[in-house]
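To start, the structure under review is shown below, and the notes come after it.
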Amino acid sequence: MDLPSAATELETGTTTTIEHDTEHQLDEPGDHDRFAHYVPKAAMTEAMVTGKPCTALCGKKWVPSRSPEKYPVCPDCKRIYDARAEMGF
């Protein structure tokens, strides 16, 4: 008994186009919390010790409390960091 197979693009006459946006857009207020952010090490240490919020390159202010290795790097922080590195900062 032959089972029906899935229709191919040639059989249906349709195609699918997938577009990828290379620039991440923050859609919701909590999106910054889904990323690891770049912040000067001294400022991060101070924030962790004193509880005073630090500011990431992208402008996010927070008190670090979790391991950044578990999260993707913030695309805005990465872009700013790379631009600064190109300028020698």
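Please treat every number below as a calculation from the coordinates, not as lab data. As the structure is a computational prediction, the values presented were derived from the model and not from experiment. All Cβ positions, glycine included, derive from the backbone under ideal geometry; neighbour counts span all protein chains shown.
Each peptide in 41-50, 75-84 was scored by the mean count of other Cβ atoms within 10 Å over its residues; highest first, the order is 75-84, 41-50. Multiplying the residue separation of Trp62 and Thr50 by 0.36 nm and removing their Cα-Cα distance gives an extension gain of 3.1 nm. Counting Cα-Cα pairs of region 35-89 in 10 Å increments starting at 0 gives whole-percent bin shares of 26, 52, 21, 1.
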